[in-house]
Amino acid sequence: MVFGGSGGLGAGVVELLSRSGTDVAFSYHKNKDAADLLIGKVAENGRNSMAASVDLLDIVSVQAFVDSVLDRYGKIHSVIFATGPFLNILPIMDAEPDVFYETLDTDVKGFYHVLRAVVPALRKSGGSITALTTAAIHRYISTDGLSSVPKAGVQHLCTAIAREEGHHGIRANCVAVGLIAIGLSQEIESPPGGILDQWTKQTPLGRAGAPLELFDTVVFLASENAGYISGQSLPVDGGYSA
């Protein structure tokens with residue numbers, strides 16, 4: 001299952017999962033056209049998929065989606081949280097309270113609703129949870145607080161699951177996303193000296209990551225090959241947070 005499957009990062013994860021030999025269920029918010037296009041790509045890879053519009057702030061909607069996936073496929077082996085609001089890049093004290101609260105809700109409350117729905121199913125058969133966060137959790141970059149503060153909450157929820165649910169065979173990890181040449185980083189307008197310019201200059205590899213470099217990491221953590229990795233936050237950031 002991929003929550004946020006129609007976005008730039010989520011869609012790449014969905015497609016790679018299907019190329020890796022698994023059926024995929026994914027959620028989207030409002031972009032049904034992108035979801036339909038992605039269903040076609042999964043079918044081209046010879047796998048089955050299903051998609052639904054899910055409001056992560058509505059726990060009933062989240063639970064209904066998880067129940068429909070269980071009814072169709074019987075069990076869930078991997079859950080990936082790849083969603084989040086569009087970010088305003090500005091000093092944290094310049095953010096309007098309502099914007100800050102909305103971002104917290106979408107990330108932290110939304111992820112909590114996902115956990116409430118999927119953990120009981122994973123307790124029966126084991127499996128993995130992987131959340132996409134931000135490398136700014138490990139090394140803060142000025143004006144990125146609306147991303148890193150809520151995502152820090154997501155990371156600690158993953159830590160809690162890894163600690164408290166590991167005896168059920170549930171693994172939980174985060175991928176701390178650095179500057180990747182896709183998704184939100186491509187939508188942010190950043191003049192010279194802005195956040196993207198700062199991030200590139202402070203990345204030892206001196207470049208943005210290729211999308212597949214991120215997608216491969218997410219799929220690896222969801223796979224049995226990562227069966228003894230849990231409670232970790234793995235930066236994919238070209239050395240930025242080192």
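Here are the numbers:
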item	result
Asn88-Ser53 FRET efficiency (beta carbon distance; Förster radius 22 Å; 0.05 resolution)	0.35
Rounded tilt (10° steps) of 211-222 against the dominant C-alpha axis of the chain	40 degrees
Ordering of 7-16, 112-121 by packing [mean C-beta count within 10 Å, highest first]	7-16, 112-121
Residues with amide H under 5 Å from that of Leu90, placed H, sequence gap 5 or more	Gly145, Leu146
Lysine pair number, Cα distance threshold 30 Å (strictly under), the chain, separation 8 or more or different chains	17
Whole-Hz ³J(HN,Hα) from phi, Karplus 6.51 cos²θ - 1.76 cosθ + 1.60, for the range 143-149, glycine and proline x	6, 10, x, 5, 8, 6, 5
Amide H within-cut-off set for Ile129, under 5 Å, with H built and near neighbours excluded	Val79, Arg171, Ala172, Asn173
Net charge contributed by nearby residues that have their C-beta within less than 13 Å of Trp199 (K/R +1, D/E -1)	0
Helical mean residue ellipticity (222 nm; -39500 (n - 2.57) per DSSP H run of 4+; nearest 500) of the chain	-14000 deg cm²/dmol
Most to least packed among 42-51, 201-210 [average Cβ atoms within 10 Å]	42-51, 201-210
Neighbourhood net charge (14 Å Cβ-Cβ; Lys/Arg +1, Asp/Glu -1) for Glu165	+4
Of Tyr228, Tyr101, Tyr140, the one that fluctuates the most in a GNM where the chain has Cα springs shorter than 10 Å	Tyr228
Cut-off 9 Å between beta-carbons: net charge of the residues surrounding Val62, Lys and Arg +1, Asp and Glu -1	-1
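We did not get these values from a lab; they are worked out from the coordinates using the rules stated. Every value quoted in this text rests on a predicted model; they were computed, and no experiment measured them. Reconstructed Cβ throughout: ideal geometry from the backbone, glycine too, with neighbour counts over all protein chains shown.
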